[in-house]
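The values are calculated or read from the model by the stated rules, or taken from the named source; none is laboratory data. Note that this is a predicted model, so its numbers are computed, not measured. Note that each Cβ is placed from the backbone with ideal geometry, even for glycine, and that neighbours are counted across all protein chains shown.
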There are 2 protein chains.
Amino acid sequence: MKKLLILPFLLSAWMSQAFSQSLPADYVDPFIGTLNYGATNPGAIAPRGMVSVSPFNVAGGGNKHEKDSDWNSTPYWNDNHFMTGFSHVNLSGVGCPDLGAILLMPTTGELNFDPYTYGSTYSEETAKAGYYSVKLDKYNTTAEMTSTIRSGVSKYHFPKGQANVLLNLGLNLTNIEGGMLKINSSTELEGFKMVGGFCYNDPSTTYPVYFVMELSQPADEYGTWKEFKEITGFEKSFAPYNGDLIQSKFNKMHVAGDSIGAYFTYNLEEATDIEVKVGVSYVSIENARENLKAETADKDFADIRTESKATWNNLLSTIEVEGGTHDDKVKFYTALYHTLIHPNTLNDVNGEYPEVGTGNIGKLEAGKSRYTVFSLWDTYRNLHPLMSLIFPQQQSDMASSMVDMYYENGWLPKWELNSTETFTMVGDPAAVVIADTYLRGIQDFDVDGAYEAIMKSAEAGRDEDSFNPIRPGNEDYLSKGYISTEAESKRHNVWGSVSTTLEYNIADYSTAQLAMELGKKDDYKRFMKQSKSYKNLFDKKMNMIRPKNADGSWYEPFDPLSGANFQHTVGYVEGTAWQYAFMVPHDIRNLAKMTGGNKTFISQLQNIFDNDLFDMANEPDIAYPYFFNIVKGEEWRTQKTVNDLVNEHYTTKPEGLPGNDDTGTMSAWLVYSMMGFYPYCPADMDYAITSPIFDKVTIHLDNKYYSGEKIEITAERDSENSIYIDQLNVNGKAHNSYFIDHSKLVNGAKLEFKLKDSK
Amino acid sequence: MKKLLILPFLLSAWMSQAFSQSLPADYVDPFIGTLNYGATNPGAIAPRGMVSVSPFNVAGGGNKHEKDSDWNSTPYWNDNHFMTGFSHVNLSGVGCPDLGAILLMPTTGELNFDPYTYGSTYSEETAKAGYYSVKLDKYNTTAEMTSTIRSGVSKYHFPKGQANVLLNLGLNLTNIEGGMLKINSSTELEGFKMVGGFCYNDPSTTYPVYFVMELSQPADEYGTWKEFKEITGFEKSFAPYNGDLIQSKFNKMHVAGDSIGAYFTYNLEEATDIEVKVGVSYVSIENARENLKAETADKDFADIRTESKATWNNLLSTIEVEGGTHDDKVKFYTALYHTLIHPNTLNDVNGEYPEVGTGNIGKLEAGKSRYTVFSLWDTYRNLHPLMSLIFPQQQSDMASSMVDMYYENGWLPKWELNSTETFTMVGDPAAVVIADTYLRGIQDFDVDGAYEAIMKSAEAGRDEDSFNPIRPGNEDYLSKGYISTEAESKRHNVWGSVSTTLEYNIADYSTAQLAMELGKKDDYKRFMKQSKSYKNLFDKKMNMIRPKNADGSWYEPFDPLSGANFQHTVGYVEGTAWQYAFMVPHDIRNLAKMTGGNKTFISQLQNIFDNDLFDMANEPDIAYPYFFNIVKGEEWRTQKTVNDLVNEHYTTKPEGLPGNDDTGTMSAWLVYSMMGFYPYCPADMDYAITSPIFDKVTIHLDNKYYSGEKIEITAERDSENSIYIDQLNVNGKAHNSYFIDHSKLVNGAKLEFKLKDSK
């Protein structure tokens, strides 16, 4: 069914690009973000894939970046050189280590089960959307990999001689140990690997990821290995293998332990290709097998690679761009690709998925997706608005997933990861995402349930006896209108009293907008009022928002530069006072007034960019470049700043993301910014406008949700240096604003920019 | 079906004992053998049970005997004092550590997952056949346990308050780690534990033991724990729980790892009994559940305890004894009980069992048993002959199990343990057992297959290219007639060239006897000739068997006292030259001649006993006391020596076994010796006679195999000091021999002894 739906879209995309040289997926460079803490990986992944097959080069061999060091959160660094396998479940662009597990490795010659010595240097790396290949120097073996949503598929080009396929469950990105496996035959293995413990927040949230592995031809020998725990006592002398990885040839029994693995060996009389398919499930081994069968049966590596590329082209073609440089297209489509990785699919092909918190297995209606990996403190700002615009069906399922999590766990998600709620970061971002989704016109989810859930997060925790894991600062917030610095050390363990107050304000604004749409006027009024409580933290003397104590006095000392580079500082979450100074997008015009009027506001804002106080690598100030638009005559600063940031922080090199991609948030910023508009305030339907990078952008709209067929953006420019907006016509008429409403766009709009070289 | 068959037997046993105070099982004292390296345990076990529930007191708390020290091979020492739980799979009376796993522990109060601190001192221990109970001082909780063949059943008498049932898969007798578990509900858990690596011989022979655990009432809370591996690097500071046992409340997902466990907690408003049933299988979790259901559904602890006791009484009543002291009966029935522990049942109730070496699951015909734990170097000497006599159906199934192992693994068993072949110890004992079984009249097994298997072990390894794991010394043995000392260090890694030559001789003698019975006269001649090749090692100058080099010279230095106390010495296996000097039971009369005639022989033999050269604690010389019978007029020495050994080495105290029970071999020696006859030479149908301890012994015969109904042995004695045979009538006629043929006994014989005080 799904395939049949995809093909017509694909064909149309193909046809519209018939005369261009490349299709969108050809521009995707998965190496972008694999340095500079981008934390993306070049592994093969299908859109929103549960599985990716990523090179794993962070264990041993004298690598520059090593797992367990420097808060390493990615299985791959582009400047490492020693590869120890290919991991099948991975996170992309996150700031904490997790997953990076189910490691396959092709080797040749004598068996060696120690990843720190069976690893190899490598060369001839290639990465494309849905495809990765590399040559392992030590083994003269080229490994190619592709994937479906729930299965990884690898092809190893072995030379003549002994060839080995190793599965290592004893090595993964984190130190969460434990796994189980069972070889069923010379071509099949099943098992699970323990993962979890994200961010070291809660070591109790470990859980199994199940898998079934199939080989394209029967192995001549197979077996398992298991580490014999090093013993130190009397009996040590009787165990010459003390501490070794012990091989069990032809072992078909279950093996479990912290450090275990399996091997399949071939005695090849000539160079031979061996294909390995790994189906994954978070529900059961049976489901992993069903996923594998449904997605890969009767297909070989080449078929699946072709299918993956077609799927990517189909989705990426939702936005077609013309003009711009080749590098611009690479940056754009790679960013769009990054927004299609997380949230990713959690449900199996049969609709089953692990619920949050219940220990039960949920089951979806046919055609629905359960999504996971909700890094909402990041993604509420732009990724979800972007998904609402271009992939509304996906965003609808994401909203439904979030509401289902509420029913399961009693709370909306905050930082949900494979149905474990890590409650990482701050604020009440799910409320923002749900309100924004609804307001953009996606309303086919359980809105009543969602509203109930939002109300619960907004209300709970009013007194000491009531618990609120979403808004631990609610006691202060609801009684004082701000969170006091004392709450940072009190029972609620609030992180960043100012930051968290501002996050609640944004959530309350979003909630108010949703309430208004739903006809709940009292709620609208109340939450609108609450949303402005940041004013309690505005120090008129300093002309700045700053931390406040419970008794109403300002917290001292106050250093607006403190908190950069993830240093801990009272009042702020991963940022300085400057990076939060204007994080009131929903009331930015009032804040500008309070700051002393437009002139002072512009001066302060420009000062941030001019004096390196802006952090492109993290979310709090990410909308700042668009705030110049609120002051008439100063919009050129947005155009200039955005253009500079796009060129300075985003490149086609591995270091071409400003920092952690934050599950696509940094990339979504780029996608919008290169198209010429940005949702500067979630749940506000106005986009801020800037100058597009491309000559033409066509956004194909989903007619299930939007009445328009497409949004067309064109730009005529005096020269290649034309970054300033001279004129904008919308649907043939002059548009006298630097904002444009979402509904205008999705009704099918034509935006014609005329760009000039100077402001 | 089985139960229906058991009941009539039981009733008859009951009735015949109707006027005595106690039934046989009442005399069983499972504490015997729990000191002095007896290595038995007082746990609850059903006859030939796959499961036993044994107290586990060898981990922490300042115990005298600790796991991993001093080659500790038992979960329980009677002089320890700190208990850490109750293990559900255990070996009894072996010399190497294995199993001692699936540990349950009742605790009260706050949860603690560290066995080294949740352990407790204990008191009020009781052990009976099929029953054990103890009070855990720290928790004021009495724990009772009983079992079926494949299920352990425990009953914990908890006081009011928080009560916890802990399942620990991170602790077991050995250092084999790894397990998996999953809580299915507040009353059920399933999983498996890795065990194996017996004797540290081969760490690759680890394998899972599956189980399902059921609680009699739903727990108020449950969860799992898992050790977080201690990390030392950069990220250590982020994990304050580094190295801890991490609790996951209400976790119903799979957990796997080296150190994992689960808990079920009750908030008891009054003192409450909680019952826990654990079903076990070596095939699968499904089979463990089926076993549990088939054996325990609708039965509570009391039912199963009653059933277990009845089963024990039924089997033990096969031999009824009268007269003798209470202690004599305790020694006798405890010894008989010990012969009914190993070999034990391996197959599940549905007939499935893991095959040896294939990785496949075998399936029995209905009514058959697959046995395991064949410590054949020990048991061929007396345990299997005893089983042939009193439980011929069991011995038939044991022979069938052994032949099936040949079909599966290509070789007969040597030291088989839960379908792993450890190839421990020396010789070719399976050939002896099979021949002996057949000759005793048990012929309803696959004799052709058995003969084929015996021939393979006898023939293979003739040259360097051919492999023989049963007889690694065959190259020398078949070409030279003896194994040279050089073979001890050569590729074959023979242990004890003299000992192993003698073992092959005994096997060849047995094979010859079987060949004769099967009409294979050529084989008979050849193996009879081979069986006397020990003569090549007889040094006429020294009048003694001694190690010989490949070139025919004697190995120097030669110290006939070397090799005691398990010291390594060239030529001998766990013994001295004296302890092997007469280990030629099949040709003992000729050896006596070679030694210089009867007088010298008697003198040398007596010297062994007089000068502490005899070792009652190990097998090689175990038949020596009966060898006096071969010289007319010297038989009183057998009567005297056996009587002394029975009194000196066997008592009713925990130290009451001479050493490792060797899966019942030491006990079988006692059973025979107390009845007045002993199979001094396996595959020779003559028993050597000595004076019985009891006034009357009645052996009920199985009419499926034997024509006689019973063997009746009576003894009239002048006084309680009458240990010498004055006269013996068999079936009313004077018996002028100190040997008696097996067939005479099993046709139904009445032996009337008249005993006197002096020789």
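Can you tell me which residue is surrounded by the fewest Cβ atoms within 10 Å (Cβ to Cβ) among those in region A:280-290 that are in contact (Cβ under 8 Å) with a residue 60 or more places away in the chain and within 14 Å of chain B (Cβ to nearest Cβ)?
A:S284
Could you check, for region B:301-308, whether at least one of its residues is within 14 Å of chain A (Cβ to nearest Cβ), touching a strand residue (DSSP E or B) at 6+ places or on another chain (Cβ under 7 Å) and aromatic (F, W, Y)?
For region B:301-308, residues within 14 Å of chain A (Cβ to nearest Cβ), touching a strand residue (DSSP E or B) at 6+ places or on another chain (Cβ under 7 Å) and aromatic (F, W, Y): absent.
Identify the single condition in (1) touching a residue at least 24 places away in the same chain (Cβ under 8 Å); (2) within 9 Å of another protein chain (Cβ to nearest Cβ); (3) in contact with a Lys or Arg (Cβ under 8 Å, 6 or more places away or on another chain) that B:A271 does not satisfy, given that it satisfies every other one.
Tallying (1) touching a residue at least 24 places away in the same chain (Cβ under 8 Å); (2) within 9 Å of another protein chain (Cβ to nearest Cβ); (3) in contact with a Lys or Arg (Cβ under 8 Å, 6 or more places away or on another chain), B:A271 fails exactly one: (2).
I'd like to know if region B:696-704 contains one or more residues that are surrounded by fewer than 24 Cβ atoms within 10 Å (Cβ to Cβ) and within 25 Å of B:H649 (Cβ to Cβ).
yes
Of all residues being part of a strand (DSSP E or B) and at the interface with chain B (Cβ under 8 Å from one of its Cβ atoms) in region A:194-209, which is surrounded by the fewest Cβ atoms within 10 Å (Cβ to Cβ)? Just the residue, please.
Within region A:194-209, the match that is surrounded by the fewest Cβ atoms within 10 Å (Cβ to Cβ) is A:Y207.
All but one of (1) part of a helix (DSSP H, G or I); (2) without any contact (Cβ under 8 Å) to a residue 60 or more places away in the chain hold for B:V433; which doesn't?
(2)
So which residues in region B:337-385 are among the hydroxyl-bearing types (S, T, Y) and modelled with pLDDT under 95?
Passing the criteria: only B:T358.
Which numbered condition in (1) touching a residue at least 24 places away in the same chain (Cβ under 8 Å); (2) of a type outside the set (G, A, S); (3) more than 30 Å from A:N549 (Cβ to Cβ) is the only one that A:N647 fails?
(1)
Which one of the conditions (1) surrounded by fewer than 24 Cβ atoms within 10 Å (Cβ to Cβ); (2) of a type outside the set (A, V, I, L, M); (3) closer than 17 Å to B:L412 by Cα does B:D436 fail to meet, given that it meets all the rest?
Here B:D436 clears every test but (1).
Select, from A:Y580, A:Y572, A:Y555, the only residue that is more than 20 Å from A:Y380 (Cα to Cα), in contact (Cβ under 8 Å) with a residue 24 or more places away in the chain and assigned by TED's automatic domain parsing to the domain that holds A:F627.
A:Y555
Which of the residues belonging to region A:79-90 are buried (at least 24 other Cβ atoms within 10 Å of the Cβ) and in a loop (DSSP other than H, G, I, E, B)?
A:T84, A:G85, A:N90
How many residues are surrounded by fewer than 19 Cβ atoms within 10 Å (Cβ to Cβ) and touching a Gly at 6+ places or on another chain (Cβ under 6 Å) if we restrict to region A:224-246?
Number of matching residues: 1.
Within region B:169-192, identify whether any single residue is surrounded by 22 or more Cβ atoms within 10 Å (Cβ to Cβ), hydroxyl-bearing (S, T, Y) and in contact with a strand residue (DSSP E or B) (Cβ under 9 Å, 6 or more places away or on another chain), and answer yes or no.
So far as region B:169-192 goes, yes, one or more of its residues are surrounded by 22 or more Cβ atoms within 10 Å (Cβ to Cβ), hydroxyl-bearing (S, T, Y) and in contact with a strand residue (DSSP E or B) (Cβ under 9 Å, 6 or more places away or on another chain).
Mind listing just one residue for me: the one in region B:315-359 that is surrounded by fewer than 24 Cβ atoms within 10 Å (Cβ to Cβ) and assigned to a helix (DSSP H, G or I) and, of those, nearest to the other protein chains (Cβ to nearest Cβ)?
Only one residue fits best here, namely B:V330.
Quickly run through region B:232-268 and pick out the residues that are hydroxyl-bearing (S, T, Y), free of Cβ contacts under 8 Å to residues at least 24 places away in the same chain and within 22 Å of A:K193 (Cβ to Cβ).
B:Y241 - this is the single residue of region B:232-268 that is hydroxyl-bearing (S, T, Y), free of Cβ contacts under 8 Å to residues at least 24 places away in the same chain and within 22 Å of A:K193 (Cβ to Cβ).
Can you confirm whether B:L613 is buried (at least 22 other Cβ atoms within 10 Å of the Cβ) and modelled with pLDDT of 95 or more?
Criteria not met by B:L613.
Say we look at region A:48-73 and pick out the residues that are of a type in the set (S, T, Y) and more than 14 Å from chain B (Cβ to nearest Cβ); which of these is surrounded by the fewest Cβ atoms within 10 Å (Cβ to Cβ)?
A:S52
Among the numbered criteria (1) within 7 Å of chain A (Cβ to nearest Cβ); (2) buried (at least 23 other Cβ atoms within 10 Å of the Cβ), which single criterion is violated by B:Y263?
Of everything listed in (1) within 7 Å of chain A (Cβ to nearest Cβ); (2) buried (at least 23 other Cβ atoms within 10 Å of the Cβ), B:Y263 misses just condition (1).
Since A:K229 meets every condition but one in (1) charged (D, E, K, R); (2) more than 7 Å from chain B (Cβ to nearest Cβ); (3) touching an Asp or Glu at 6+ places or on another chain (Cβ under 8 Å), which condition does it not meet?
(2)
Check B:K277 against each of (1) more than 30 Å from the chain's Cα centre (by Cα); (2) in a strand (DSSP E or B); (3) surrounded by 21 or more Cβ atoms within 10 Å (Cβ to Cβ) and name the one condition it does not meet.
(1)
Determine if region B:92-103 includes at least one residue that is charged (D, E, K, R) and within 14 Å of chain A (Cβ to nearest Cβ).
yes
Mind telling me which of the residues B:P47, B:P75, B:P42 ends up being touching a residue at least 12 places away in the same chain (Cβ under 8 Å), assigned to a loop (DSSP other than H, G, I, E, B), on the phi < 0 side of the Ramachandran plot and in contact with a helix residue (DSSP H, G or I) (Cβ under 7 Å, 6 or more places away or on another chain)?
It is B:P47.
Quick check on region A:694-713. Is at least one of its residues over 26 Å from A:D29 (Cβ atoms) and part of a strand (DSSP E or B)?
Yes, region A:694-713 contains at least one residue that is over 26 Å from A:D29 (Cβ atoms) and part of a strand (DSSP E or B).
If B:A219 satisfies every condition in (1) part of a strand (DSSP E or B); (2) of a type in the set (A, V, I, L, M); (3) over 22 Å from B:D68 (Cβ atoms); (4) more than 8 Å from chain A (Cβ to nearest Cβ) but one, which is the exception?
Going through the list (1) part of a strand (DSSP E or B); (2) of a type in the set (A, V, I, L, M); (3) over 22 Å from B:D68 (Cβ atoms); (4) more than 8 Å from chain A (Cβ to nearest Cβ), B:A219 breaks only (1).
When you check B:Y524 against the structure, is it in the same structural domain as B:F558 (by TED's automatic domain parsing) and more than 25 Å from B:G596 (Cβ to Cβ), yes or no?
In short, yes.
Looking at B:D244, is it at the interface with chain A (Cβ under 8 Å from one of its Cβ atoms), at pLDDT 95 or above and at negative phi?
no
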